[in-house]
Amino acid sequence: EDLVGARDAFERASISRPGITMLLEWILQLDFMLNDKAAAEEHARQILRTNRNNSFANYIMGSIMLYRGRTAEAENYLRRSISNANKPEPLNDLAELLRMNGNLDEAERYIRSAIQLAPDFYVVWDTLGGILFDRGNLAGAEESYLKALELFQGDSRVYLNYAKVLLKKGETVKAREMIMKVNANRSTLSPADLEVLAELVQRVTPKRSR
């Protein structure tokens, strides 16, 4: 499908018919599908200027702020998003943010709600794995990551997270293979994930004898 062409057509329509929120939401949805964060932020802010409680625009802004590590802003956007629509994507991102802040009880409540809504959405299992890992529940974390990989094998972040479990279990050889695979596809990772990757690469790289 020509997503860029479709977005261009909707943008032309929005210029000739300004102020129609539905058109802007379609454009924002296409920004999201194209992973165009700059355009998504511009269009989300445009929607929020007229409706600060728009669930999807708040979700997009929350996910962008989370990607940038601006957690306080991300939390505000995501809480506003779920207060207006109970959907798995903002529930997942809020759970991940809460995990990062150490609020594991609330994080697990939100992610299990997301799993109930979308059990075939691999990302929610990845997030649950991170929460259980932080709780020290390695068996539960491993089961969650394997479930995520069963559903989708194309996200380097899941392999990176699973590698942490393997290292914790002492399965260094298997972890090294997984980390090197992620390192070859590092362009898809966020700045925070790149920091984790660099640390893991260092941990699994054999020390050279002098």
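The values are calculated or read from the model by the stated rules, or taken from the named source; none is laboratory data. Model, not experiment: these values are computed from the prediction. With ideal geometry, Cβ positions are generated from the backbone for all residues, glycine too; neighbour counts draw on all protein chains shown. To get the accessible areas, we keep the full protein, side chains included, count just its heavy atoms, and leave off ligands, DNA and RNA. Shrake-Rupley method; radii C 1.70, N 1.55, O 1.52, S 1.80 Å.
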Leading residue by the ranking (most open to solvent (accessible area, probe 1.4 Å)) among those in the range 19-52 that are among the acidic types (Asp, Glu) and part of a helix (DSSP H, G or I): GLU42
Residues within the range 126-183 that are among the aliphatic types (A, V, I, L, M), at pLDDT below 95 and open to solvent by 50 Å² or more (accessible area, probe 1.4 Å), tallied: 2
So ALA175 ticks every box in (1) under 29 Å from ARG203 (Cα atoms); (2) assigned to a loop (DSSP other than H, G, I, E, B); (3) not basic (Lys, Arg) but one. Which box is left unticked? (2)
Would it be correct to say that GLU106 is charged (D, E, K, R), at negative phi, in a helix (DSSP H, G or I) and out of contact with any Leu (no Cβ under 7 Å at 6 or more places or on another chain)? no
Does any residue of the range 53-60 turn out to be assigned to a helix (DSSP H, G or I), open to solvent by 60 Å² or more (accessible area, probe 1.4 Å) and modelled with pLDDT of 90 or more? no
Looking at GLU42, GLU11, GLU89, which one is acidic (Asp, Glu), out of contact with any Ser or Thr (no Cβ under 6 Å at 6 or more places or on another chain) and under 21 Å from ALA192 (Cβ atoms)? GLU89
Could you tell me whether the range 114-132 includes any residue that is part of a helix (DSSP H, G or I) and under 17 Å from SER55 (Cα atoms)? yes
Please tell me if ASP2 is over 24 Å from the mean Cα position of the chain (by Cα) and loosely packed, with under 12 Cβ neighbours inside 10 Å. yes
Contact list please: Cβ distance under 7 Å, first residue in the range 106-132 and more than 15 Å from GLU150 (Cα to Cα), second residue of a type in the set (Ser, Thr, Tyr), pairs at least six apart or on different chains. ILE111/THR127; LEU132/SER144
